[in-house]
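We did not get these values from a lab; they are worked out from the coordinates using the rules stated. None of the values given here were measured: they were computed from a predicted structure. Heads up, the Cβs are rebuilt from the backbone with ideal geometry, glycines too, and the neighbour counts pull from every protein chain shown.
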Amino acid sequence: MTKQIAKTGRQAKLATKKGIEPIFAPARARRTFDDVVKQIQDGISEGRLTRGDKLPTERELAAQFQVSRSTVREALRMLEIGGYITLRRGSAGGAFISETDPKKLNHYLTGALRVTDISVADLTQSMYLISMMLLSAAAENITKADLDAMEADVREAEKVIDDPLKRSSIMIRFYHQLAVASGNKILVAIADVLVEILDQWVVRLGSLSGDRIIRSRLAVIENLRAGNIDRAREQFAAYLQDLHDVWLKGQQ
């Protein structure tokens with residue numbers, strides 16, 4: 001199928017006029033979320049979407065992919081975490097293709113890690129050290145809006161509590177959100193590498209039960225709201241220890 005992009009300025013619009021085809025094809029039925037992400041990534045890598053282009057609205061994307069708006073919203077969040085797009089608010093907002101080279105650092109680091117024998121201990125120790133660093137850095141600058149976004153993700157995960165992979169994919173975004181709250185772009189890049197690695201490991205070894213991870217994450221957010229950074233660290237350290245134990249059992 002020939003794909004054409006109708007543009008006004010820098011915006012890649014939904015093509016509705018006769019004779020102009022949509023940018024994207026309907027997402028595959030079995031793994032719609034992954035297919036939405038992949039089609040947009042492919043559009044960037046193949047040059048059909050270029051830096052600064054604005055994607056169609058959520059409603060328009062949902063129509064093109066033939067999926068729900070919530071699926072589109074989740075895909076856009078993951079693309080933002082990966083550095084492929086930037087989400088802007090306001091009347092001139094929307095989803096824009098990132099101006100910088102998407103995931104250049106992430107690909108370099110994760111590419112190196114793929115040929116390294118990573119143990120559960122390596123991963124959980126790294127998660128602990130990075131998490132403590134992110135919590136400390138975010139504590140000084142975190143806003144109510146940041147905390148509300150984190151809690152919104154937890155509430156979203158509650159709705160799919162019986163779908164461990166989808167639930168975990170949502171909860172893993174917490175590391176990216178902490179890094180963004182810190183205001184440090186290098187920490188954002190580090191957190192995004194961790195997110196990509198965790199996406200692979202959760203599929204391989206699983207995660208904590210839905211109730212446990214949700215209770216833990218809400219407790220961390222509550223302590224961050226109260227300004228109790230030490231208690232937030234303790235809560236997150238306890239969660240990581242539980243996760244470490246679960247992963248060790250999975251390898252036995």
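Express in nm, to one decimal, how much length is gained between ILE186 and ARG89 on full extension, taking 0.36 nm for each residue of separation and deducting their alpha carbon distance.
Length gained between ILE186 and ARG89: 32.6 nm.
When each of the peptides 231-238, 138-145 is scored by the mean number of other C-beta atoms lying within 10 Å of its residues, the order from highest to lowest reads 231-238, 138-145.
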